Amino acid sequence: MSTKLLVVQVAALGAEFSPPGFRTAESFFPAVTCTAQASFRTASAPRGHGMVANGVRVADLRKIMLWEQSSALVEGPRIWSRYRAAGRKAGMMFWQQSLGDSELDLVYSPAPIHKHSGGMIQDCYAKPAGLDAMLRKKTGRAFNLMHYWGPVASHKSSAWITDATCAVLADSQFAPDLLFSYLPHLDYDLQRHGPASRQAKKSLDFTLQCIARLKAEAEARGYQWLFYGDYAIQPVTGAVFPNRRLREAGLLETRDIKGMLYADLFASPAFAMVDHQIAHVYTRDAAAAAAAREALAGMPGIETILDRK
């Protein structure tokens with residue numbers, strides 16, 4: 001019988017939080033969600049798959065777009081391509097950049113509708129037909145995106161995803177042979193309260209409960225399993241502001257709208273896309289690149305400046 005496998009990424013499960021039986025491995029750089037997931041699914045480095053951050057720069061539009069979900073943003077073959085070619089099925093739940101991937105038989109991912117008049121309609125993208133209805137019925141509730149991101153994000157997101165993943169594994173109509181899932185909530189409390197906090201310990205305990213339940217369900221359904229962490233959260237003090245430095249150097253232009261400053265990326269020779277402890281600096285030409293390097297070189301916390309064509 002061909003192997004069936006459940007792969008679960010646990011956000012912010014660094015070495016210091018690893019339970020007994022987990023092994024330490026080096027993450028990709030930069031160690032952020034979209035980059036780590038893209039590297040795993042392609043078995044390649046960021047320079048190969050192109051997902052170098054949680055955001056992307058759309059050069060033709062001169063825009064920075066964060067948390068875009070199109071699978072086309074991740075270049076290169078998937079690690080399950082030959083597996084599917086042999087007649088097996090693959091699915092992905094709550095992994096980034098999963099929408100539109102023709103090599104996935106099952107997809108479930110947040111896909112809200114942002115209304116032009118303001119506000120949001122909560123929804124999830126579901127493939128194949130009937131998956132959303134099944135998950136709502138088996139879990140007894142719809143997925144609440146407010147528990148997944150924003151100020152009230154909490155362990156309730158991982159609780160629902162655990163319920164939903166178990167429901168998929170147990171359903172012969174929908175269960176793929178290879179299923180990727182995700183537990184997000186540990187990251188929230190580590191960032192809010194710090195990795196040494198009481199809240200972090202409580203959050204880790206709940207994470208281990210989710211892992212135990214997913215392992216038990218996977219084994220009961222004939223699946224092997226792999227749980228892994230993508231990055232660690234470290235205690236930090238202070239912050240640096242590269243875009244302020246670029247503005248002071250005349251490289252980042254702004255627009256004053258109703259007393260608030262907005263970046264003008266159409267007119268700016270250079271700007272930084274800041275993502276946790278990493279900043280990608282985009283420049284118009286070689287002269288702007290040299291000026292940006294000079295402006296940022298003496299900035300506290302700037303350890304490495306890399307050129308990339």
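Just wondering, is there one or more residues in the range 198-221 that are part of a strand (DSSP E or B), aromatic (Phe, Trp, Tyr) and either within 23 Å of Asn54 (Cβ to Cβ) or open to solvent by less than 60 Å² (accessible area, probe 1.4 Å) (or both)? Walk me through how you get there before you give the answer.
Taking the range 198-221 first, the residues part of a strand (DSSP E or B) are none.
Among the residues of the range 198-221, not one is part of a strand (DSSP E or B), aromatic (Phe, Trp, Tyr) and either within 23 Å of Asn54 (Cβ to Cβ) or open to solvent by less than 60 Å² (accessible area, probe 1.4 Å) (or both), which makes the answer no.
Kindly list the number of the only condition in (1) in contact with a strand residue (DSSP E or B) (Cβ under 9 Å, 6 or more places away or on another chain); (2) farther than 18 Å from Pro30 by Cα; (3) in contact (Cβ under 8 Å) with a residue 24 or more places away in the chain that fails for Gly76.
Only one criterion is unmet by Gly76, namely (1).
Do we have Val107 as without any contact (Cβ under 8 Å) to a residue 60 or more places away in the chain, touching a strand residue (DSSP E or B) at 6+ places or on another chain (Cβ under 9 Å), open to solvent by less than 30 Å² (accessible area, probe 1.4 Å) and more than 26 Å from Gln173 (Cα to Cα) here?
Values: without any contact (Cβ under 8 Å) to a residue 60 or more places away in the chain: yes; touching a strand residue (DSSP E or B) at 6+ places or on another chain (Cβ under 9 Å): yes; open to solvent by less than 30 Å² (accessible area, probe 1.4 Å): yes; more than 26 Å from Gln173 (Cα to Cα): no.
No; evaluated as a whole, the condition is false for this residue.
Would you confirm, using the coordinates I've provided, whether Ala272 is closer than 20 Å to Gly55 by Cβ and in a loop (DSSP other than H, G, I, E, B)?
Judged against the criteria, Ala272 is not a match.
Quickly run through the range 88-104 and pick out the residues that are on the phi < 0 side of the Ramachandran plot, in contact with a Ser or Thr (Cβ under 8 Å, 6 or more places away or on another chain), hydrophobic (A, V, I, L, M, F, W, C) and crowded, with 21+ Cβ neighbours inside 10 Å.
If the condition is that a residue be on the phi < 0 side of the Ramachandran plot, in contact with a Ser or Thr (Cβ under 8 Å, 6 or more places away or on another chain), hydrophobic (A, V, I, L, M, F, W, C) and crowded, with 21+ Cβ neighbours inside 10 Å, then Met92, Met93, Trp95, Leu104 are the ones that fit.
What are the residues in the range 155-173 that are open to solvent by less than 60 Å² (accessible area, probe 1.4 Å) and touching a residue at least 40 places away in the same chain (Cβ under 8 Å), if any? Lay out the reasoning, then the answer.
We begin by selecting, within the range 155-173, every residue open to solvent by less than 60 Å² (accessible area, probe 1.4 Å); these are 157-171.
Residues satisfying the conditions are Ser158, Ala159, Ile161, Thr162, Ala164, Thr165, Cys166, Val168, Leu169, Ala170.
Wholly within the range 123-196, which helices (runs of 4 or more DSSP H) include no fewer than the required count, namely at least 2 residues that are under 23 Å from Leu208 (Cα atoms) and hydroxyl-bearing (Ser, Thr, Tyr)? Let's see the steps before the verdict.
Numbers: elements: 131-139, 155-170, 185-193.
Per the criteria, 155-170.
Out of the range 79-97, which residues are out of contact with any Leu (no Cβ under 8 Å at 6 or more places or on another chain), in contact (Cβ under 8 Å) with a residue 40 or more places away in the chain and closer than 17 Å to Val8 by Cβ?
Phe94, Trp95, Gln96
Per-residue answers, yes or no, for (1) in contact with a helix residue (DSSP H, G or I) (Cβ under 9 Å, 6 or more places away or on another chain); (2) loosely packed, with under 14 Cβ neighbours inside 10 Å; (3) of a type in the set (Val, Ile, Thr); (4) closer than 19 Å to Trp95 by Cα:
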residue	(1), (2), (3), (4)
Leu5	yes, no, no, yes
Gln9	yes, no, no, yes
Leu13	yes, no, no, yes
Phe17	yes, no, no, no
Ser27	yes, no, no, yes
Val32	no, no, yes, yes
Ala36	no, no, no, yes
Ala43	no, yes, no, yes
His49	yes, no, no, yes
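Six or more apart or on different chains, Cβ atoms under 8 Å: show the pairs whose first residue is in the range 135-154 and on the phi < 0 side of the Ramachandran plot and touching a residue at least 60 places away in the same chain (Cβ under 8 Å) and whose second is assigned to a loop (DSSP other than H, G, I, E, B) and open to solvent by less than 20 Å² (accessible area, probe 1.4 Å).
none
For the range 15-60, give me the residue count where each residue is among the small types (Gly, Ala, Ser), part of a loop (DSSP other than H, G, I, E, B) and in contact (Cβ under 8 Å) with a residue 12 or more places away in the chain.
9
Looking only at the range 227-250, which residues are among the aromatic types (Phe, Trp, Tyr) and open to solvent by 70 Å² or more (accessible area, probe 1.4 Å)? Show your work before the answer.
Taking the range 227-250 as the starting set, the residues that turn out to be among the aromatic types (Phe, Trp, Tyr) are 227-228, 231, 241.
Passing the criteria: only Phe241.
Restricting the range 177-194 to residues that are open to solvent by less than 30 Å² (accessible area, probe 1.4 Å) and not aliphatic (A, V, I, L, M), which is farthest from Gln234 (Cα to Cα)?
Across the range 177-194, the extreme among qualifying residues is Asp177.
Please work out if Asp187 is more than 24 Å from Pro128 (Cβ to Cβ), among the charged types (D, E, K, R) and under 21 Å from the mean Cα position of the chain (by Cα).
It is true that Asp187 is more than 24 Å from Pro128 (Cβ to Cβ), among the charged types (D, E, K, R) and under 21 Å from the mean Cα position of the chain (by Cα).
The values are calculated or read from the model by the stated rules, or taken from the named source; none is laboratory data. It should be emphasised that the depicted structure is a prediction, and the values quoted were computed from it without experimental measurement. Counting neighbours? That spans all protein chains shown, and the Cβs are built from the backbone with ideal geometry, glycine included. Accessible surface is based on the protein model in full, side chains and every heavy atom, while ligands, DNA and RNA are left aside. Shrake-Rupley method; radii C 1.70, N 1.55, O 1.52, S 1.80 Å.
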